Amino acid sequence: MTDTIEKRLGTLFWVAVGWLAVISLLAIFAPLLPIKDPDAYYLVKGVRPPYSPSGTHWFGTDQDARDMFARTIYGARVSLVIGFVAIAFGMLVGGTAGIIAGYLRGRTDKLISFIFIVFLSFPSLVLAILITALLDRGLVTIALTLGVLAVAPVGRLARASTLSFAEREFVTAARAIGAGDRRIIIRELLPNVVVPMGALALLGMAVAIVAEGGLAFLGLSVEKGPTWGKLILFGAGSRELEKSPWIAFGPIIILFITVLALNYAGDRIRSYFDVKEIGL
Amino acid sequence: MRSSSSHRPFRRLGAVLATAGLALAACGGSDDSKPAAEPAAEPASEPASEPAEEPAGDDTLGETETDVTLPPDDDADSIFGGTLRYGLEADVNGLNPTSSALAASGLMMANAVYDTLAVYDENDVSTPHLAESFTPNDTLTTWTMKLREGITFHDGTPLNAEAVLVNFNAQRGDPLVGLAIMPFFPADDTAAIAVDDLTIEFNVNFPIADFGSILTGQLGMVASPTWIAAAKEDPTLNQAPVGTGPFVFDSRSEDSVTRFVRNEEWWGGDVYLDAVEFYPVTDGDDRNSLLFNGDLDALHTTNQASILDLVDNADYQTIIDDTGEESYAMMNTAIPPFDDIRARQALAHATPIEEYVELIGLGVSRRATQRFTPESINYNPDLVQVGNDPDTAVALVAEYCEERGEETNPLLGTTTCTDGKINVELQWSGPSVVQTRIAELLDEAWSVGFNVTFQELPQDAHVLQTAIGQYNVNTWRQFGAVDVWTDNVWLLCATINPAGLSLNWPRNCDEDRDALLFQATAMSDLEARAEVLKQAEALINEAFTYVFFTHTTWVNSFADNVRGVCDHTSAGGERMRCAVSGRTWFSKVWIE
Amino acid sequence: MNYWVQRLTASVMLLLAVSMLTFGAMNLLGDPLFNILGPAAADTKPESLEKVAAAKELYHLDRPLPERYVRWLGDMVTGDFGVQFGSTGQPPVSNLIAERFPRSLTLIVMAQLLASMIAIPWALITAARANRPADRVSTINSFLLIAMPNFALAVILKYIFGIKLGWFPLTFKATDPWLTRIYQTFLPALTIALPAAAVYQRLLRTDLITTLQEDFILMARSKGVSRRRVLLRHALRPSLFSFITVFGINTGALIGGSLIVESIFRIPGLGSAIVEAILREDFPIVLAIVMIITTAFVLVNVVVDIVYTLIDPRVKR
């Protein structure tokens, strides 16, 4: 996003972070907030839903007179959990594997890299669909499935970072003074690799959230409860779009801004730390 | 949640549901089987912010007119030519009446290429069609069917007793289709005997007053025996049916279009249309758009929102029929918790039927209390379908859990009650936006006394799970056969198979009810029969195995220039019932 | 030469690994017997038991998993994709593939074409006006496009162009003439193309800017060659390398994204076929399509490599 070298993260960065913080807080404290019940049916006798946005229903209601604002907030809970768990799993498993591969090289590296490539060549959505269709559609399963899909991209980045760092002087120096492999990995490599992975984490969360939406559109998202993908799906029929577009567009806007914020923040962190790298 | 032992996906059960002249898209999945398919509401024309505000305009339909058919068209004007393009709810896997799953869409196509041995006339009585006559013996346990002479299948094979027997036995041998026939006929060769080249003697297990009615649907379709044999060897032929019907199979591209062309030598007379093309369009809105754009000439639908659009539009001829099929929630009485009537009653009382009728029915589909609509002679006005009564539900749940809360729910692997609420699994077929909305609506109301787990399955898998009794409660569609005794198969003790497939889906056996049903089946005095059926219906009501929502509204809609829509006649010259649960015939249709 | 042998081996191993993974997953987590026979598998009548036995023999279901895998592999390599499970009639999978493949291919090709047609001029313009307001705005736009989830974009495009403006039809009919079908494929192709175009444009722009700073460009300018000529004739070619690489690699991502788009716009292609097949647990179809997609992915990567080495003799292996 930048051609010029910026030593600061920028105000827009903080705006993005602010948005993410707001969404996260709303999601976490949703049950305590004075918003409507996302599962309740606010039917008004004699008037058929969906009700368009108004003072009572900020985002309007869906075809069953459920409040879209509340549902969108509660949908955030699911999306954020999925994003977080998926990327955490990816970083834990993929990151570890990648670092090990990058550090140890040789046959271990070849094997781990091969596994990464297999997963990367596999059309990821197909894998996600396969697993969710064959197992179940609980929140945990879906989050972990997306986590499994995150392993390869994260791992590949971790490996690349490790490779580039492993040649550095401070590693050679550490080895010269007799530090063992484990110590080197944990003390020297890990802190440096974590940074680019941190940027990737934000981007990865965005991907996971979007992936959940994709699964929802195929009817394969979490079984119970609103998710952003499901909300958009319910509002995306031709009739809905024509007569009551707010059903889909409320969640679409929130989803979009969140993904945008994650992308932007991740991008800024990456260029910021990359620049620092060059400065070394 | 999904253990491989209990959830096995599965293919062709729908066939059995469609036998005995019934259309069944199991559990309402038909119009709604794809994602992003189904929304369903008229929007309020103004935002309704406070209840005190004036309701915005009258956008409730009130009561839709039902049972609307069309008057005869003047045959003299009929012209030859043209292709009718018809929009279907779904595609089918194949068109072999002895082995394919034929729901409403399949039956529409089958109606073009096959004739049935009997058809319903305008008074809902069966009348011979491919058959020439049906003659019973004194005890109504042996029926002699005489076929018409000189009819050949599209491939030249003659229609004779032999051919009919090949069909009959093939159907009996199919694990699904056979299940539906099983209660009526003895298991051995005496069920159907060829007396001579054109006569068959059917022997049935109990007296049947109107035998022909079972032969008006899939069971009565006769396919070429040559073709049946060939299809057994090469199953791909199931997609290229050969019958005696007014149209001959031309070509098929699965999920895209199936085309039939005029049978120049149809025994039933002149066929005006050059061809009929069937287009499966799963999304109800899309199907309507195609009709309104002129890309389709006709369609059928159960989607309430689509129906609202069609009924309002004077440019289209719309046949409405809600006397077939009911939509309901159904419980499995073979395993806990619904083996206990208190649990069933609790679920019924907690069900949000009013909201369902309002939000899903949209004023199009009428609320149902039983299998019959209020105009039917068999309607029992004393019956009540309980619902919207959470207090009673909670009390019943408390009673049940107190006494039986520690037992196991074999489906979920948990105790029957947790934290004072009954654990159940709700199954339905999807992916479908409407079905998911229904599930969420039910869950929200049932949560006063139940912990509901969701299980959405592809349609075939859903049907299988229901058939083998691996469900607690599901959403379903059934009943409404024109001749009510053909619906017995879903209710009899005889169709429960504890170890295998059961067509009595709730697995609820009531011998008194059986006795009444058998008695009614033998009666030809319709008024006397109605009294018996009302008693049987009361027993169904007291069993609390079904929570009726609505009568399914089937609509067939035709563009203005399509004529002769309801002019199809039986071989004896009688005007047929125009549509049966969304299926109609094109033998006398022409395009202006 | 050595390099290509290595590539080939790696690709083959990759395909094998992917196939093993899919085959294993489907057979371990699902139940082929029920998929093939349906209710007959649960029935106790003698005819059904016969069918069960016949199916077990025909599909070798009693054999251990590795043996079944090897059989399947042998068939696949000779072009026999097997039969569709459970579809009455069990037509060969290759029928389905033959019917649907062209549609998906059309979609992807159209998408890539559109993406390139949008990205290249876009990049040229923004590179020429680097860092000026127009460029800044465009940067924001491309960022927005990349962030937009493809299903959301599909809904938005459907709403604007299909419903509000009515420019494009909402359904796909396979029986329509070829040109009409292309027209029907436009909106879904655009849905896939827009984010890809944004990615390509960003990359191309960066490369163009870098190339524009090279000596030979300054030489051409000093000789009096116009800016436009410089851009198009001298700067574009060398800048295309990364573009081509990403273009190729992105094809894999596009194939994945097309699954959802096909489902939303109801195009009966391979994408929607595999989604339905997975839901119905129709193993042979799933396996066949997975193999096709992965092979396409590998092939595209190889082709990109070849093109790369052909264009730029400076690239050492």
Under a crude label model (7 Å from the Cα following the beta-carbon direction), how far is B:SER253 from B:SER376 in nanometres? 4.2 nm
Simple spin-label estimate for A:LEU25 and A:ARG187 in nanometres, 7 Å along Cα-Cβ: 4.1 nm
Which percent of Cα-Cα pairs in the stretch A:171-233 sits in each 10 Å bin, short to long? 20, 25, 18, 16, 14, 7
Theoretical FRET efficiency, 1/(1+(r/R0)^6), r = Cβ-Cβ of B:THR418 and B:GLU264, R0 60 Å, to 0.05: 0.35
What is the Cα convex hull volume of the stretch B:116-234 when expressed per residue in Å³? 110 Å³
Residue span A:LEU32 to A:LEU111: 0.36 nm per residue of separation minus Cα-Cα distance leaves a gain in nm of 23.5 nm
Not counting the cut sites, what is the longest span of chain A without trypsin sites (Lys or Arg not before Pro) that DSSP labels loop and that have at most 11 other Cβ atoms within 10 Å? A:46-280
Name the residue farthest towards the positive end of the dipole of chain C from the options C:TRP4, C:VAL137, C:ILE244, assuming +1 on Cβ of Lys and Arg, -1 on Cβ of Asp and Glu, about the Cα centre. C:VAL137
Hey, what did chain B get for relative contact order, percent, Cα under 8 Å, at least 6 apart? 24 percent
Taking each pair of different alpha-carbon atoms in the stretch A:67-165 once, compute 1/r for the pair, average those values, and report the inverse of that mean as the Kirkwood hydrodynamic radius in Å to one decimal. 14.4 Å
Considering every residue in B:433-444, what mean count of other chain Cβ atoms within 10 Å of its Cβ is obtained? 4
The stretch C:16-22 - phi-based ³J(HN,Hα) in whole Hz, Karplus 6.51/-1.76/1.60, Gly and Pro as x: 4, 4, 4, 5, 4, 4, 5
Show me, for the stretch B:347-354, the HN-Hα J-couplings you get by feeding each phi into the Karplus relation (A = 6.51, B = -1.76, C = 1.60, θ = phi - 60°), rounded to Hz, glycine and proline as x. 4, 4, 4, 7, 6, x, 5, 4
To the nearest 500 deg cm²/dmol, what mean residue ellipticity at 222 nm is calculated for chain C from DSSP H runs of n ≥ 4 alone, each contributing -39,500 (n - 2.57), summed and divided by the residues? -25000 deg cm²/dmol
Between the stretch B:139-162 and the stretch A:161-183, what's the alpha-carbon centroid distance in Å? 90 Å
State the dimensionless ratio Rg/Rh of the stretch B:451-592 (Rg: radius of gyration of Cα atoms; Rh: Kirkwood radius). 1.05
To check my understanding: the extent here is largest minus smallest coordinate of the Cα atoms along each principal axis. What are those three numbers for the stretch B:368-409, in Å, largest first? 46, 22, 13
I need the fraction of alpha carbon pairs in the stretch A:171-280 separated by more than 23 Å, rounded to a whole percent. 52 percent
Considering only C-alpha atoms, what is the centroid distance from the stretch B:523-550 to the stretch C:102-118, in Å? 60 Å
Cα-based Rg then Dmax for the stretch C:165-317, in Å, read 20.6, 67
Rg/Rh of the stretch B:245-375 (Cα atoms, Kirkwood Rh), to two decimals, equals 1.11
Mind checking C:282-291 for the average number of partner chain beta-carbons within 10 Å of each residue's beta-carbon? 1
Fully extended contour minus Cα-Cα distance, from C:LEU179 to C:ASN95, at 0.36 nm per residue: 27.9 nm
Which value results for Rg/Rh of chain C when Rg is the Cα radius of gyration and Rh the Kirkwood radius based on the inverse mean 1/r? 1.08
Hey, can you grab everything whose amide H is under 5 Å from the amide H of B:ALA192? Only 5+ residues off in sequence or another chain; H modelled, so Pro and N-termini drop out. B:ASN203
For the stretch C:241-317, report the translational diffusion coefficient in µm²/s to the nearest whole number, using Stokes-Einstein at 4 °C, 1.567 mPa s, and a Kirkwood Rh over Cα pairs. 93 µm²/s
Restricting to Cα pairs below 8 Å that are 6+ residues apart, what does the relative contact order work out to for chain A? Please round to a whole percent. 26 percent
In a solvent-free Debye calculation with one equal scatterer on each Cα, what is log10 I(q)/I(0) for the stretch B:340-464 at q = 0.13 Å⁻¹, listed in the order of the q values? -0.62
List the pairs from B:LYS146/B:LYS534; B:LYS232/C:LYS56; A:LYS230/C:LYS158 whose alpha-carbon separation is above 27 Å, in the order I gave them. B:LYS146/B:LYS534
For chain B, what Kirkwood radius comes out of the mean inverse Cα-Cα distance, in Å? 24.5 Å
Provide the percentage of antiparallel DSSP beta bridges, counting only those with both residues in chain B; round to the nearest 5. 80 percent
Taking the Cβ of B:ALA118 as the centre, find all other residues whose Cβ is under 14 Å away and add up their charges (Lys, Arg: +1; Asp, Glu: -1). -4
Computed FRET value (nearest 0.05) for B:ALA515 with B:THR226, which takes r as the C-beta separation and R₀ as 41 Å: 0.40
Scaled radius of gyration (Cα, divided by 2.2 N^0.38 Å) that chain A gives: 1.18
Diffusion coefficient in µm²/s returned for the protein assembly as shown by Stokes-Einstein, Kirkwood Rh over C-alpha pairs, 10 °C and 1.306 mPa s, is 49 µm²/s
Set the Förster radius R0 to 60 Å, insert the Cβ-Cβ distance between A:SER54 and B:ASN561 as r into 1/(1 + (r/R0)^6), and round the FRET efficiency to 0.05. 0.85
Per-residue average of Cβ from other chains inside 10 Å of C:253-262: 3
Using distinct alpha-carbon pairs, which all enter the 1/r mean, Kirkwood radius of the stretch B:87-176 in Å: 15.0 Å
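Every number in this text was worked out from the coordinates using simple rules, so none of it is lab data. Model, not experiment: these values are computed from the prediction. Every residue, glycine among them, receives a Cβ derived from its backbone with ideal geometry; neighbour counts consider all protein chains shown.
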